[in-house]
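**Student:** I have a structure I would like to understand better, so I am pasting it below and will then ask my questions one at a time.
The values are calculated or read from the model by the stated rules, or taken from the named source; none is laboratory data. This is a predicted model, so every value here is computed, not measured. Glycine gets a Cβ as well: all are built from the backbone with ideal geometry, and neighbour counts include every protein chain shown. Please note that ligands, DNA and RNA were not included when accessible areas were found on the heavy atoms of the full protein model with its side chains. Shrake-Rupley method; radii C 1.70, N 1.55, O 1.52, S 1.80 Å.
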Amino acid sequence: ITSAVAFDILPLKLHPFSQSTPTGLDCVGWKRRVSSPVITDGALDKTALTDDVGSEEDLYEDFRSSNHRYGHPGGGGEQLAINELISDGSVVYAEALWDHVTMDDQELGFKAGDVIEVMDATNKEWWWGRILDSEGWFPASFVRLRVNQDEPMEDYPLKVEGGKEDDSSSGTRRFGMGQTTKDQMRTNVINEIISTERDYIKHLKDICEGYIKQCRKRADMFTEEQLKTIFGNIEDIYRCQKKFVKALEKKFNKDHPHLSEVGSCFLEYQTEFQIYSEYCNNHPNACMELSRLTKVNKYVYFFEACRLLQKMIDISLDGFLLTPVQKICKYPLQLAELLKYTNPQHRDFKDVEAALNAMKNVARLINERKRRLENIDKIAQWQSSIEDWEGEDVLVRSSELIYSGELTKISHPQAKSQQRMFFLFDHQLVCCKKDLLRRDILYYKSRINMDDMEILDVEDGKDKDFNISVKNAFKLHCRDTEEVHLFCAKKPEQKQRWLKAFENERRQVQLDQETGFSITEVQKKQAMLNASKQHHTGKPKAVTRPYYDFLMRQKHPTLPTTLPQQQVFMLAEPKRKPSNFWQNISRLTPFRK
């Protein structure tokens, strides 16, 4: 059984693009019944299409009305094989690519990286599985079938009480021409890594040549900004992956795959893989733009014509665009499995171990950047709720709320004290005043540029600059203008939290400079626009889409009737930390969940 599950495709219908994860994108080279006419500049070549399929609309309608499936030969042979294995009493395992969070007691919840026993794969979209003593439905697209189904995922090598390797274990059984079972398992994983990389390159090429190239020829339908939104930096990913797969193939030992040393390839390209961060962050915007365009029939016809002319498998464009997200999720899982079947004495062991940690770090970076981008929407919503806002938007310079709370600000010349709410972002400290009657309303008062400030701890007692007695105080001193701001907290621990927050703010600014993190102007404008709409219309209600009705055997409860949410994806390794944005300002009534 390979790692991919064949996708027995439902007929394409006139509805918004499905957000289901494609499960079977590793299968290529299937037969097509349409020739390959050339799309000329400006429009589809009607003459080239006429002989075989007619116009874009004819091509699309002919596809819809046909019972033919552009799918795996045999109508989902791999899926059939899975069920045959299950029927024969074999145990089939799958690993979770994403978290599946559900409140439905008939669905099986799990975390990314969990191992699930697949008990029924009759349905293409939802499988029945078990984790420990829990059973339920789960989306097939959320998992990856384990390469080695015939051996449990136990630590390698096996040990006995004396601390020596257990020669009687399965780890020393011979397989074929003097090859141990563990070597065969490693061969399986190596073969999967190589084959899936080759197939992935094919899909990236199809997207770049089958869709992007043709879309650029239709300036009457697409602007460059739209194409950037839909496809992100997938062309950069394509160029990176072509070099990566060449490096893998150089390290691939065709005669003895288990001796291949591929770990160094992942270490070499770990920095370049960070380009996936931009793509993953943009992916929700791509889904929204595609959903908007496909409400117009001519775009549906055009995208379908592009797919057929490129001889691509029967998955919608948004499905193909999800493959890079899915790919970067798979690397930690593949490397973890490879490490389990690599003998510590193997020349590749240390590199694979280091590569696994490296790819976890890539995933951690992508998760962190995604969290930051999610926060900009919250920051924009916060700013839109502040009355009498003046000056530039917070997002012009900042993207992270570091800390917030009440402080007493003391100003020259009369040492006047004012109770204010302060919000510390990267690069700036925003000062607001609470409404006298409605304490949940805030008014903008001022801001301080933190890039020019140094923080001074003030001892309790009389302050010489302001000639007053202070307690739990600290100062912000401007290096350029010698301007001094004095603040007092109510308690010593609150003062310490503020001092720590100022350290974290400088550390965050430095880290962003080192990693090159930035927010595009388009993302800033979109966040402010969304906040403005929500401020006037209120928060939109959650929308659920009806799912396909399936008739299943009576031995299981009814299938779930809604699609699992996949807009907000979770990378496989490591687990993403929750945002502390709302915790920082939880004391403000307007922002309580």
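**Student:** Kindly sort TYR238, TYR93 by accessible area of their heavy atoms, largest first, with the probe set to 1.4 Å.
**Tutor:** Heavy-atom accessible area, descending, gives TYR93, TYR238.
**Student:** With the contact rule set at Cα under 8 Å and sequence spacing of 6 or more, what percent relative contact order holds for the stretch 400-516?
**Tutor:** Relative contact order comes out at 22 percent.
**Student:** For the stretch 456-466, in order, what is each residue's ³J(HN,Hα) by Karplus, 6.51 cos²θ - 1.76 cosθ + 1.60 with θ = phi - 60°, in whole Hz (x at glycine and Pro)?
**Tutor:** Listing the rounded values in order: 10, 7, 10, 6, 4, x, 7, 8, 5, 5, 9 Hz.
**Student:** Need one word for the stretch 182-374: rounded, prolate or oblate. Basis is the Cα gyration tensor (sqrt eigenvalues a ≥ b ≥ c); a/c below 1.5 gives rounded, then a/b vs b/c decides.
**Tutor:** Note, shape of the stretch 182-374 comes out prolate.
**Student:** I need the phi-derived Karplus couplings for the stretch 181-190: 6.51 cos²θ - 1.76 cosθ + 1.60, θ = phi - 60°, integer Hz, Gly and Pro marked x.
**Tutor:** 4, 4, 5, 5, 4, 5, 4, 4, 5, 4
**Student:** Additional query: Would you mind checking LYS360/LYS525; LYS409/LYS533; LYS416/LYS495 for any pair whose Cα atoms are more than 30 angstrom apart?
**Tutor:** LYS360/LYS525; LYS409/LYS533
**Student:** Still on this model: Got a number for carbon plus sulfur as a percent of the stretch 416-526's accessible area, 1.4 Å probe?
**Tutor:** The computed percentage sits at 47.
**Student:** Another question, if that's okay. Each residue of the stretch 131-145 in order: what ³J(HN,Hα) in whole Hz does its phi give by Karplus 6.51 cos²θ - 1.76 cosθ + 1.60, θ = phi - 60°, with x for Gly and Pro?
**Tutor:** 10, 6, 9, 9, 10, x, 6, 8, x, 4, 6, 8, 10, 10, 5
**Student:** Next question, about the same structure. Classify the stretch 77-145 as rounded, prolate or oblate, taking a ≥ b ≥ c as the square roots of the eigenvalues of its Cα gyration tensor: rounded when a/c is under 1.5, otherwise prolate if a/b is larger than b/c and oblate if not.
**Tutor:** Prolate, since a/c reaches 1.5 and a/b exceeds b/c.
**Student:** Relative to the present Cα-Cα distance, how much length would full extension add between LYS298 and ARG438 at 0.36 nm per residue of separation?
**Tutor:** 45.2 nm
**Student:** Now for a separate question. For TRP389, enumerate residues with amide H under 5 Å from its amide H, sequence gap 5+ or separate chain, H modeled in the peptide plane.
**Tutor:** TYR444
**Student:** Next question, about the same structure. Please list the three semi-axes, largest first and in whole Å, of the ellipsoid equivalent to the stretch 205-308, using sqrt of 5 times the eigenvalues of its alpha carbon gyration tensor.
**Tutor:** 35, 16, 11
**Student:** Still on this structure, I have one more. All other residues with a Cβ under 13 Å from the Cβ of SER260 taken together, and with Lys, Arg as +1 and Asp, Glu as -1, what is their net charge?
**Tutor:** Residues close to SER260 contribute a combined charge of -3.
**Student:** If you take the square roots of the eigenvalues of the alpha-carbon gyration tensor of the stretch 400-516 and sort them as a ≥ b ≥ c, do you get rounded (a/c under 1.5), prolate (a/b over b/c) or oblate?
**Tutor:** It comes out oblate by the Cα gyration axes.
**Student:** Which FRET efficiency value, to the nearest 0.05, do you get for SER518 and ARG216 by plugging their Cβ-Cβ distance into 1/(1 + (r/R0)^6) with R0 = 45 Å?
**Tutor:** My answer for the efficiency is 0.95.
**Student:** May I pose another question? When you count, for each residue, the other Cβ atoms within 10 Å and take the mean per peptide, how do 326-332, 418-424, 475-481 rank with the highest first?
**Tutor:** 326-332, 418-424, 475-481
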